[in-house]
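These notes concern the structure reproduced below.
The values are calculated or read from the model by the stated rules, or taken from the named source; none is laboratory data. Bear in mind that the values here come from a model prediction, so they are computed numbers and not experimental data. Using ideal geometry, Cβ is built from the backbone for each residue, glycine included, and neighbour counts are taken over all protein chains shown.
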Amino acid sequence: MGHDADLCEPPAETNARDKPGRDGRRRAPMIPRDRETFRALARAKLDAEAPPEALSPDLGGGDFALNGGPPAQLAPARRAAVLAPIVARPDGLTMLLTQRAANLRAHSGQVAFPGGKIEPGETALETALREAHEEIGLEARFVEPLGWLDPYLTGTGFRIAPLVALVEPGFALTLNPDEVEAAFETPLAFLMDEANHAIHEREWAGKMRRFYAMPYHDRYIWGATAGMLRNLWERLER
């Protein structure tokens, strides 16, 4: 699901700034490469249950974290859930991401997690698993939920519940061409290395907007997707 503002192309000009640790020094990545150690770490650091789904008026963060906080008045957000699928490859963990189809009206061509709106009667878990199957054909039998990240509030009016999960190798993907152009894996070690967390900015709707970006080769990972990855790093580092 693409949740970033409708800025479909990477900024022509950006200001990037690597973020040092709280002690002012850059930290080496501490994320385990093997599934058993990562499973234990994630279960200890992430929320076991999905966060409350109703929009909290006190909730900041998300797209607003780098932009002065949310506005004083927030319309009720639409509830959504995404799956952050971490594939347990023998040579190291990877994050399975999608690139949205180029013909979509909103967020076309953007890098995203599989996910979408929470339908009436669904739980966030059910939504995340259903959308992953509908978008990329990932079967739930390969997915082991580990825990939930902080709710992510987007500028386009979604409050997202991100579910982190381990995915057993051996799955076969079938992409829905109406929604997804490609699926690809990025090393988790790269995404969880703070040195790769840049802050980019550009003008949107008459204002300068700042957002996280984690470019990897020819993939421009940014906005809400990068923001949720940043939150995963923050949760695992606590």
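Details
- With respect to the conditions (1) over 13 Å from residue 227 (Cβ atoms); (2) in contact with an Asp or Glu (Cβ under 9 Å, 6 or more places away or on another chain), residue 146 lacks only one, and its number is (2).
- Within the option set 159, 202, 230, 235, being over 17 Å from residue 111 (Cα atoms), surrounded by 15 or more Cβ atoms within 10 Å (Cβ to Cβ) and touching a strand residue (DSSP E or B) at 6+ places or on another chain (Cβ under 6 Å) holds for one residue only, 159.
- Taking the numbered list (1) closer than 26 Å to residue 66 by Cα; (2) modelled with pLDDT under 95; (3) of a type outside the set (Gly, Ala, Ser) in turn, residue 193 passes all entries but (2).
- Qualifying residue in the range 177-194 (condition: of a type in the set (Gly, Ala, Ser) and on the phi > 0 side of the Ramachandran plot): no
- Filter result for residue 190 (more than 21 Å from residue 135 (Cβ to Cβ) and aromatic (Phe, Trp, Tyr)): yes
- Spans of strands (runs of 3 or more DSSP E) in the range 103-214 with at least 1 residues of a type in the set (Phe, Trp, Tyr) and over 15 Å from the mean Cα position of the chain (by Cα): 198-204
Conditions tested, residue by residue: (1) farther than 30 Å from residue 175 by Cα; (2) among the β-branched types (Val, Ile, Thr); (3) at pLDDT below 60; (4) in a loop (DSSP other than H, G, I, E, B).
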| residue | (1), (2), (3), (4) |
| --- | --- |
| 20 | yes, no, yes, yes |
| 53 | no, no, yes, yes |
| 84 | no, no, no, no |
| 94 | no, yes, no, no |
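- No other residue among 230, 219 is within 12 Å of the chain's Cα centre (by Cα) and either free of Cβ contacts under 8 Å to residues at least 40 places away in the same chain or within 25 Å of residue 88 (Cβ to Cβ) (or both) apart from 230.
The rows are residues; the columns are (1) of a type in the set (S, T, N, Q); (2) in contact with a Ser or Thr (Cβ under 6 Å, 6 or more places away or on another chain); (3) within 28 Å of residue 76 (Cα to Cα).
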site	(1), (2), (3)
138	no, no, no
156	yes, no, yes
160	no, no, yes
169	no, no, no
177	no, no, no
192	no, no, no
196	yes, no, no
207	no, no, yes
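- Of the residues making up the range 134-147, those that are in contact with a helix residue (DSSP H, G or I) (Cβ under 7 Å, 6 or more places away or on another chain) and more than 16 Å from residue 97 (Cβ to Cβ) number 5.
- One residue alone among 142, 113, 190, 184 is surrounded by 15 or more Cβ atoms within 10 Å (Cβ to Cβ), aromatic (Phe, Trp, Tyr) and more than 18 Å from residue 220 (Cβ to Cβ), and that residue is 142.
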